[in-house]
Amino acid sequence: MPGIRIPIQLRFADIDMAHHVHNGVYLHWFELARMELLRRFIPPGHDWKQQGLILARNEVDYRQPIHLHDRIEGHCHAGRIGTKSFDLHYRIVRVKDGLEETCAEGRSVMVCFDYVAGGPFAVPTPWREALNKLQ
């Protein structure tokens, strides 16, 4: 599946009283994967104060707990591409003995937003083309 994969470093601070990763940490990992995916098609000099993205929705489905010494990766790929928004899908996997075990899955809805005009704008054609390749 196209999209991106990133290694994720577990921190001691990610672990909760139950000795596994706290549920809120997964959203941070989704953000890391999302930013890596966006870097693939939004140029470094892009002025986010003019036109950017608003995170309109986040969903997380927890499948397996992650513990401090697990080796994990974050995966992200594009999903639905609408007129002014698009979906990103995430998977957090534990990698052990060359096999991947899904620990969490998620989805976010990203809305293209013009901060100068104060409203949404259409997904730019170059973004749309790049997202289609990352599906």
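Numbers for the structure displayed
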quantity: Length-normalised contact order of the chain in % [C-alpha pairs under 8 Å, at least 6 apart]; calculated: 30 percent
quantity: Phi to ³J(HN,Hα) by Karplus 6.51 cos²θ - 1.76 cosθ + 1.60 over segment 76-81, Hz, x for Gly, Pro; calculated: 9, 9, 7, x, 4, 10
quantity: Low-density loop cleavage sites - trypsin sites (Lys or Arg not before Pro) in segment 51-104, where at most 16 other Cβ are within 10 Å (DSSP); calculated: ARG63, ARG71, LYS84
quantity: Normalised contact order of segment 81-124, rounded percent, pairs of Cα under 8 Å and 6 or more residues apart; calculated: 41 percent
quantity: Residue among ILE72, ILE42, ILE92 with the largest mean-square fluctuation in a Gaussian network model of the chain, springs linking Cα atoms under 10 Å; calculated: ILE42
quantity: Surrounding net charge for ARG39, when Lys and Arg each add one and Asp and Glu each subtract one, Cβ distance under 15 Å; calculated: +2
quantity: Amide H contacts under 5 Å for GLY79, placed H, 5+ residues apart; calculated: ASP87, LEU88, HIS89
quantity: Cα Rg, Dmax (largest Cα-Cα span) when computed across segment 1-49, Å; calculated: 14.2, 42
quantity: 1.4 Å probe accessible area per residue over the chain, in Å²; calculated: 58 Å²
quantity: Calculated diffusion of segment 34-102, Stokes-Einstein form, Kirkwood radius summed over Cα pairs, 37 °C and 0.692 mPa s, µm²/s; calculated: 225 µm²/s
quantity: Accessible surface of the chain [probe 1.4 Å, protein heavy atoms]: carbon and sulfur percent; calculated: 53 percent
quantity: Top of ILE66, ILE81, ILE15 by mean-square fluctuation, Gaussian network on the chain, Cα under 10 Å; calculated: ILE15
quantity: Ratio Rg/Rh [Cα only; Rh per Kirkwood] for the chain; calculated: 1.01
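The values are calculated or read from the model by the stated rules, or taken from the named source; none is laboratory data. Given the structure is predicted, the values throughout are model-derived calculations rather than measurements. Neighbour counts run over all protein chains shown; Cβ positions are idealised from the backbone, glycine included. Heavy atoms of the whole protein, side chains included, go into the accessibility calculation; ligands, DNA and RNA do not. Shrake-Rupley method; radii C 1.70, N 1.55, O 1.52, S 1.80 Å.
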